[in-house]
Amino acid sequence: SRVPFSLLHLWVLHFWIVLIGCSSILKTVSVFLILSTVNLLDSRSVMGDLGWVAYPKNGWEEIGEVDEDYAPIHTYQVCRVMEQNQNNWLHTNWILTEGAQRVFIELKFTLRDCNSLPGGVGTCKETFNMAMKESRYIKIDTIAADESFTELDLGDRVMKLNTEVRDLGPLTHKGFYLAFQDLGACIALVSVRVFYKRCPFLVKSLAEFQDTIPGSEASQLVEVVGRCVNNSLPLYEPPRMHCSTEGEWLVPIGKCVCQTGFEEINGSCQVCKVGFYRSLLESLACSKCPPHSMARQAGSTACSCEDGYYKIDSDPPNMACTPPSPVSVVRKGLTGKSSIALSWAEPDRPNGIILEYEIKYFEKEQDSSYTIIKSKETEMEVEGLKPSSVYIFQVRARTSAGYGAFSRRFEFQTSPYSTSERAQAWIVAVAITLALVLLAVVGFLRCGYSKAKQDPEEEKMHFHNGHIKFPGVRTYIDPLTYEDPNQAVHEFAQEIDVSFISIERIIGAGEFGEVCSGPLRLPGKREIQVAIKTLKAGYTEQQRRDFLWEASIMGQFNHPNIIRLEGVVTKSKPVMIITEYMENGSLDTFLKKNDAQFTVIQLVGMLRGIASGMRYLSDMGYVHRDLAARNILVNSNLVCKVSDFGLSRVLEDDPEAAYTTRGGKIPIRWTAPEAIAYRKFTSASDVWSYGIVMWEVMSYGERPYWEMSNQDVIKAVEESYRLPGPMDCPEALYHLMMDCWQRERSNRPKFDEIVCLLDKLIRNPSSLKKLVNSSHRVSNLLVEHASVEGSCSTRSQNVGEWLDSIKMGRYTELFMEGGYSSLETVAQMTSE
Ligand code: ACK
């Protein structure tokens, strides 16, 4: 009744020959597997007897054979199919777990087809049981063959080898036994392999993640905090990765960057060479010192001016040093109808004794003709000017070494009045003002109405517009506050010479012209792939301004989840905006293309990225107004970045935008009711849109509210109708969406709470197991709102929690007092 082993041996021989034939391929393919899989037992690799214990003794039998290299192979066989009441046990030796809490068991075996047995099937079985013992035996599973073999197969020398893998955990002891129970089948156990998977040591984004043993639950992720490699430090938040039971690293969060004076080359931080510097953590590589400055030592964080050249401390590090020039020019007293009195400061470090000053001036926007006058003093009255006209003034000093550079431009306007006229005008102005104040007070009393407390967000914007900055708080500056939009562009965006860019392909169509891609090679910097937005020929001055508006905004942001501006080309045509290249294009198209291809954790990782980018924008006081999956870009690492900061705040270019009754153009399906009704756009209305983006992501790019008309959507939302949960959507995520869609905007979660909650879910993926109740998927359902969980509710807790975690909780109060109430602001701290 024994399995004719010589035939099995032949089969094994065949198997080995195939293996050897492919060995070179296998070697390359399996590098990752070798690294991340640790065998605890491999019966094939044991040289002597396996020494497993069979009970009763006439059940399982160890049969030793040799492979084609005459290396011994151990098999255990049993085939007592004709006898009643079989109960044959085979126990392995003690298998050490080496700390693994979850292991995999891979069995290779052949099983005889009962129907093919001569003389009837008797009590023949076609399964066997596998059990394990830590303290007592527990059945793991019943093992059946996918393919059983017959007499015919034996004749043809075809042996049908089955492979079955089971996972086992949580394991709580240092080791365990495996056992195989036969109840009357004809089995040959060819190999037993017990292994676990580790997430191998990994260096990613300049952070080292230690070789990690996964958790004990099948879907558990172990969060690992990375260590920044030498000469690097975390940007915004400590880098983190998540180790799955499959030995894979998932959901990267945060990253390290080289400290200033160093740059990243091949995954490590190398010192900047002499003549180069790196002053900002956010810049990619060391840059060559600007003209007339030098870095004498390797590892410089700034360049110093050559002798005779200067710049002031507040000048940006990439600004060239120039010969000395007066630092500021001011108007002295009131301007006249045809004259302006000026004074200026002596240059800080003149290159020799100052012999005289030159004052250059011209009427604004008429710089083709200008006048130069000279003065030996640091003040003078410029006469012969037109009344009510704006003039530009620049001053430079002359020393024995020659002329220094002109100061920057200063604008002053002549008065429409002479001195006596001004006195009269002043009296009239005071009278009118008093009258207006009286009217306002009367009006206020009559209406009995006082304006509601100003929205804190509006208040914040008010300060931004005034360019007042609080310590540690980054604020977004509306380019509208610049009189000259070109000045705003150049304040926030670097001018790039077009010769450094090659346009290789067209990737899409933008509002103002084609969107292309190609390499950007900046001198002294690594070549990178960029996206190039172009302004089509024949544009008006207004179109040019609107086009460059986006760059003035994007250039103020610096965050891993916000699309990065590389610079602008404005000195040649076509005018271009250069941004980082995102290999996977826009999120909505990307999701539609990859329907159902991602794990929930991957989707949550994407959502976390978007929320983190939005948290940054809301901390900066910037309201996006058009947050939608079509305006998110995805790179090759599945990192999502918020994009589209165009003047499309008025949303002219968004095909989804429709006119509202008030005349504005708004992407109805993504927009909060108060923004549709009375243009109340705030970070809270961005949160509503974020909820819609969550829905788009979890439904792989489905159109929100499907083919309903915009009018029907507005009506349905007004009547408390909300989108149903997408298919297979975890309940926790659907609750979050519903919270984002609270009618009362102050009840919606803030972006930092959303990030906090998503982090929690990622850390504990079993919380994502419960899927949306099918009744929530019925449309036209009025849904109760749930609220976001407690511990994510305030910013201070985040900073406090973080300080606690680094044993510095006692400083929490000091941080709060100093205005460092969110981790974003903490990350912006400078050494001062
Ligand atoms: O979905 P897509 O491929 O991604 O098509 C649109 C198109 O250009 C018009 O906007 C793509 N696009 C825009 N910016 C970028 C970028 N930075 N990287 C890659 N593709 C981009 C967008």
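Observations on the model:
- Residues in region 252-302 that are within 14 Å of residue 232 (Cβ to Cβ) and β-branched (Val, Ile, Thr): 257, 260, 265, 271.
- Region 576-623, subset within 16 Å of the ligand (Cβ to nearest atom) and closer than 21 Å to residue 479 by Cα, residue nearest to the chain's Cα centre (by Cα): 613
- Any hit, region 216-223, residues being within 29 Å of residue 305 (Cβ to Cβ), over 17 Å from the mean Cα position of the chain (by Cα) and surrounded by fewer than 20 Cβ atoms within 10 Å (Cβ to Cβ): no
- Residue list for region 348-405, filter: of a type in the set (Asp, Glu) and either over 23 Å from residue 321 (Cα atoms) or modelled with pLDDT under 85 (or both): 348, 363, 365, 367, 377, 379, 381, 383
- Given (1) within 16 Å of the ligand (Cβ to nearest atom); (2) farther than 29 Å from residue 483 by Cα, number of the condition residue 569 does not satisfy: (2)
- Filtered by the rule that a residue be out of contact with any helix residue (DSSP H, G or I) (no Cβ under 9 Å at 6 or more places or on another chain) and modelled with pLDDT of 95 or more, region 184-195 gives 194, 195.
- Against the criterion of being at pLDDT below 95, surrounded by fewer than 19 Cβ atoms within 10 Å (Cβ to Cβ) and out of contact with any helix residue (DSSP H, G or I) (no Cβ under 6 Å at 6 or more places or on another chain), residue 68 does not qualify.
- Leading residue by the ranking (nearest to the ligand (Cβ to nearest atom)) among those in region 511-528 that are within 16 Å of residue 577 (Cβ to Cβ) and touching a helix residue (DSSP H, G or I) at 6+ places or on another chain (Cβ under 9 Å): 511
- Strands (runs of 3 or more DSSP E) lying entirely in region 495-596 (those with 3 or more residues that are in contact with a strand residue (DSSP E or B) (Cβ under 9 Å, 6 or more places away or on another chain) and either under 28 Å from residue 825 (Cα atoms) or in contact (Cβ under 8 Å) with a residue 40 or more places away in the chain (or both)): 528-534, 565-569, 576-580
- So residue 533, is it buried (at least 22 other Cβ atoms within 10 Å of the Cβ) and either more than 20 Å from residue 318 (Cα to Cα) or within 12 Å of the ligand (Cβ to nearest atom) (or both): yes
- Restricting attention to region 622-638, the residues that are farther than 19 Å from residue 558 by Cβ and modelled with pLDDT under 95 total 4.
- In region 482-494, the residue that is nearest to the chain's Cα centre (by Cα) out of those that are more than 16 Å from the ligand (Cβ to nearest atom) and in a loop (DSSP other than H, G, I, E, B) is 494.
- Look at (1) assigned to a strand (DSSP E or B); (2) within 18 Å of residue 339 (Cβ to Cβ); (3) not hydrophobic (A, V, I, L, M, F, W, C) and you find that residue 358 fails only one, number (2).
The values are calculated or read from the model by the stated rules, or taken from the named source; none is laboratory data. Treat the numbers as computed from the prediction; the structure is a model and nothing was measured. Cβ coordinates were reconstructed from backbone atoms using ideal geometry, including for glycine residues, and neighbour counts include every protein chain displayed.
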